[in-house]
Each structure stands twice: as structure tokens, then as C-alpha cells.
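Colleague: Shown below is the structure under consideration.
Taken together, the values in this text are just the output of simple stated rules run on the coordinates, not laboratory data. Computed from a prediction, not measured in an experiment: that's the story for all the values here. Backbone-built Cβ (ideal geometry, glycine too); neighbour counts: all protein chains shown.
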Amino acid sequence: MAPKKKTIRTIPQQRTPPREQEAQVRARNFEEVNCGYRLEDALREADRCLLCPDQPCVSGCPVGIDIPRFIEQIAAKNFRGAYDIITNTNLLPAVCGRVCPQESQCEGVCTVGESLEPVAIGRLERFVGDMAIRDGWANVPYVEPSGFRVGIVGSGPAGMACAADMAKAGCDVTVFEAFHQAGGVLKYGIPDFRLPNSVVDAEIEKLARLGIKFECNTLVGRLFSIEQMIGEMGFHAVFIGTGAGYPSFMGIPGESLNGVLSANELLTRCNLMHARDFPAYDTPLQPGRQVAVIGAGNTAMDAMRVCLRLGADKVHCIYRRSEVEAPARAEEVHHAAEEGIEFHWLTSPVAILDDGKRGVRGLQCIRMQLGEPDDSGRRRPVPVAGSEFEFAADMVVFAIGTNANPIIGQTSKLRLDRRGYIATDDGLATSIAGVFAGGDIVTGAATVIEAMGAGRRAARSMKHYLGLRDTDVVFRDAAAERPTLFGIDLDEHDFALVRLPRPQAPAGGHPPAAGT
Ligand code: FAD
């Protein structure tokens, strides 16, 4: 008998909630807030997908994951098949399942979401990604060396995605990272209670298995330049994914007081340099008792929740617009509020107050109201005359946005745009032949999945530049030691093995002319 067709009435009506730590408990530890799906949760949620023919979720995903097909595989309990489908497009499912803003991407356009709550696509993706880490799955492709050497600058999601695609195309890939550990914002920015560093490390380990080499503690632009990489160092192509980690301040009085810092500094000290484990690690970080964090993006939410976990009595969020305009994911605002963060919407700081010993005693603020929309399309915040007020704080953290990391721009002849980001064409080629760029260093601060999409787009252009065909990759199933393509056993099906072409690496390390 043919299976009964699912309809919006026959599927489970409620979205399956993940297990979560209690707000009061988790606010004082660094364990994950969202504990993910159990098997029965994943099967129930997968059953909510209608497998609709339009598949709006696929176009809602910046890298076009074949979402209905992977959910179908979960429902059929073929979890390895689901993993193969996801990793065909996205190499970091355990990361993206946790931190992508699905509500404004795939889930935002889900057909089920027109009548009920959308299918929890991100949670299902995470379920598969976590299972892959637990069971040690990795898709190691069959590749023949192409003879080309590729250098990647920056090991965030953009750099990692580009590195993986170029390694799968047979290139000898080296990733240079300024910090002592790879991972970019995934490691130094997003705290463990949202994305454990162990998950990022497990995903990076898979890249290492592709043969990618990581050289950490290497600040490109200071140790050597982009021009040297493409010249005397012999790289045939270079990708720059250095992100936008340069913090902004407001330029208000009191910013040089002790106790004022950027969210990036706070998060890096805590997440990457283990200030939270002081004195086991000797990274200094004086946590405040009354903390004011300025901004309401993901970075601000992370900074506030880190301060709570470091032992602050009270943490305030100061934001000049209303909750509707807050750039953070709705789930993060909700979690922060549950943990006891106090939100001051329509409030802007005008000065940080000195305690007389070069420390912070408080913040002077002004109330705002919303006026006409500005260039961003959001209603412009306008100060309300005479509404200034003070409140007590001994630590002030700025999380009002970041700028391009400037070193590469300052030390190369790369063309930059007027804001200091690297200028590229549509294929992410820069003004220097053989040098490509993508992720936050091109677009400004964006999202993990967009950065990965950019890394993959740049890899396609780079392959074209090197004369490598952009072809599907044949995977060797590590356990079975047999070649597979998207989970299909090729030996068994007597498929011809699709091998990557073997282009001629140019003699003398000179890249071929662009467009070959
Ligand atoms: P990055 O991740 O910034 O990586 C760039 C890397 O390059 C860094 O490791 C840096 O050390 C290195 N580098 C810089 N200069 C040099 C140099 N000269 N030489 C060598 N290495 C260099 N996005 C989401 O989708 N969901 C979220 O929940 C989310 N939360 C966030 C929370 C925080 C605190 C922050 C800061 C960002 C968050 N984002 C989130 C945004 C997302 O993390 C970024 O858009 C994404 O990481 C950008 O990737 P990237 O590879 O371009 O750059």
C-alpha cells in the first residue's frame, strides 16, 4: 500500500522543543543552553516536513542545502544519508545547526510555517551534525593532487569553506591564522554555551583529514604580505577571509576609563584565552558587578550572558532602538531575558561616568524615540530632549558593530572599498590576479552561513582561474573503504569512478592567466 500523503492537518501540529537547561541554572555555567534533539524528537520533527514540491527552504538557505531530502533521510532513519546530503553543500552542520539565523532564512519561508510553526530545520541539521561527530563520520574525498598550492588567510567559516573545496579539488592548501587556534569567530567570539569549542574543533579536525595544513600564530601582513604569498612563496592562488573583527566605539566621554572594553575583547579573553578559568589560565579579566552592554546584536547578547556567567550581579542591555529593530536572533534575546538580563530599549549612552579613580561609576543615558526610516530601512532613533538620566555600572562593554580587520589592507596594494573592506568582482576576485576574498572582510559583519557561501563561491572562481574543473567529488566511506557518492556505494552499483581532472600545474610557480 502506498504511504498516505502528508498534509498540514496530519503532521504533528506543534514544533518539537529541544531540551534546555533551566534559565536560573544555566545563567551561572558555560554548559550548552540548548541540549539538542534526542532520536525520538528528531523523528517526530522530521515527520512535520511536507516535502512540498516548491521547496522554498532550499532557496532560503544561503548555500542551498537540499533540506527536504535530508529531512526525508532522517524520517527514514538513514542518518548517514542525511549527513552526506547536508555536507554536499555545507561542511559544518553541527555549527550551522546551532548558530544560523534560520528564522530569517530556511525556516522563515517554510511552507508549514504559513499555517503552523515552521519545521525546526536548524535543530534537525544539528542533530545530524552532532551524530556525525559522535560516530566519527567524515567524507574524505578521492582526490588526485592537482599540483597547485593555495594559501588561505584567516580560519573562520569563509576560509574553512574555501580551503575544503580547494583541497577536494586536489590542491595543497595551507591556512594561515593570526590567533593560536583556528576557527575565527566560531572559536573566539561565540561562547561555549551556544557553540562549544569542542564542536568547532571536531569540524576543523575533518578539514585536517582532507590534508589541509593550519599554521596558527601567523599574522599575515606582518610576517609576510599577500604579494609575497602569490610571488616568492609560490602560492598559485590566495583566499583572504580575515573577517571584520575590528571593534567600534561611540566616541563619547569616558571611553578610556578602566572597565570599558569592546565585546570582542571580552569574548576573546573569556572564550579563547580561558579568562573564565583564572587562575588556571593567567588571562586577566576583571568582571564587573553591574555591567552595561551597549548594542543588541548577537555579539551584545553573547557579551551580556558571558558577564552573567562570570558572576555579575546585574547586566543591562542599552539599545537606542526598540526590540523590533534589535539585530540579534529572536531566540538569543529570549534566552538572555530568561536569564535575567535587563533590557533598556530606546536608550542611548551619552557619557561614561568616572568614579574619581579612573574607573567607571555609571552611565549617563538619554531616552530615544523612533522617527522616519533611515538608510537601513529601520526607523531612525531620535533623542528626547531633557530625558537624560544616570544609572550605576562598574563595567561598560561596547557591542555596536565592527569594522574590517585593517592589516591586510594596510600592507598590500589590494583595492579597498570606501569603508576599508576588500573590493571584489562578482566572482570574489580582488584587484590582484590570483587573489580572492570573501566573508565579513568583503561584506562587513554578516552570518556564518553567508561567510561559508562566500568561501565556496570564491573557491569556484579560484578553480576556474587555475583551470580546474568544478566537479562533483567522489567520497570514500572511511568505515567501508569503498567509494561513495552521496551515500551511494559506487562499487556496488558499478558506476564509473568520477575522478577529478589532473590539470598541469604551471612550471616555476606562476599562476595561469585569469580566465583559463
Ligand atoms: P571570521 O570568523 O572573523 O574569521 C576571520 C579569521 O581571520 C579570524 O580567525 C582572524 O583571527 C583571522 N585573521 C584576521 N586577520 C588576519 C591576518 N592578518 N592574518 C591571519 N589571520 C587573520 N553569525 C551567525 O550566523 N549566527 C550567530 O549566532 C552569530 N553570532 C555571532 C556572535 C559574535 C560574538 C560575533 C562576533 C559574530 C557572530 N556571528 C554570528 C557572525 C559570524 O560569526 C561571522 O559573520 C562569521 O564568523 C564571519 O566569518 P569570516 O570567515 O568571514 O570571518
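Colleague: P(r) of the chain in 10 Å steps, Cα pairs, percent per bin?
Modeller: That works out to 4, 18, 26, 26, 18, 7, 2, 0, 0, in percent per bin.
Colleague: Going highest first, how would you order 219-227, 310-318 by mean Cβ packing within 10 Å? Walk me through the intermediate numbers first.
Modeller: Values: 219-227: 17.6, 310-318: 20.2.
Averaged packing, sorted descending, gives the order 310-318, 219-227.
Colleague: When you take every Cα atom in segment 272-338, what is the radius of gyration, and what is Dmax, the widest Cα pair distance, in Å?
Modeller: Rg then Dmax for segment 272-338, in Å: 13.1, 41.
Colleague: Under the rule of at least 5 residues apart or a separate chain, name every residue whose amide H is placed under 5 Å from the amide H of residue 153.
Modeller: When sequence neighbours closer than 5 places are left aside, the close amide H contacts are 176, 239, 240, 241.
Colleague: While we're on this one: Skipping prolines and chain starts, which residues have an amide H placed within reach, meaning under 5 Å, of the one on residue 343, given they are 5 or more residues away or on another chain?
Modeller: Amide H neighbours of residue 343, under 5 Å, 5+ apart: 317.
Colleague: Helix 121-135 versus the longest principal axis of the chain: what angle, 0 to 90°, nearest 10, using Cα atoms?
Modeller: Helix 121-135 and the main axis of the chain meet at about 60 degrees.
Colleague: Okay, moving on. Which far-off residues, 5 or more places away or on another chain, put their amide H under 5 Å from the one on residue 382, with H placed in the peptide plane?
Modeller: The answer is 369, 370, 371.
Colleague: What list of ³J(HN,Hα) values in whole Hz, one per residue of segment 210-215 in order, does the Karplus curve 6.51 cos²θ - 1.76 cosθ + 1.60 (θ = phi - 60°) give from phi, with Gly and Pro shown as x?
Modeller: 7, x, 6, 9, 10, 10
Colleague: Sticking with this structure for a sec: Go through segment 39-44 residue by residue and turn each phi into a ³J(HN,Hα) via Karplus (6.51, -1.76, 1.60, θ = phi - 60°); whole Hz please, and just put x for glycine and proline.
Modeller: 3, 5, 5, 5, 5, 5
Colleague: Also: Pop out the ³J(HN,Hα) list for segment 221-236 in order, Karplus 6.51 cos²θ - 1.76 cosθ + 1.60 with θ = phi - 60°, rounded to Hz; leave Gly and Pro as x.
Modeller: Coupling constants for segment 221-236: x, 10, 7, 7, 9, 4, 4, 5, 4, 7, x, 5, 7, x, 7, 6 Hz.
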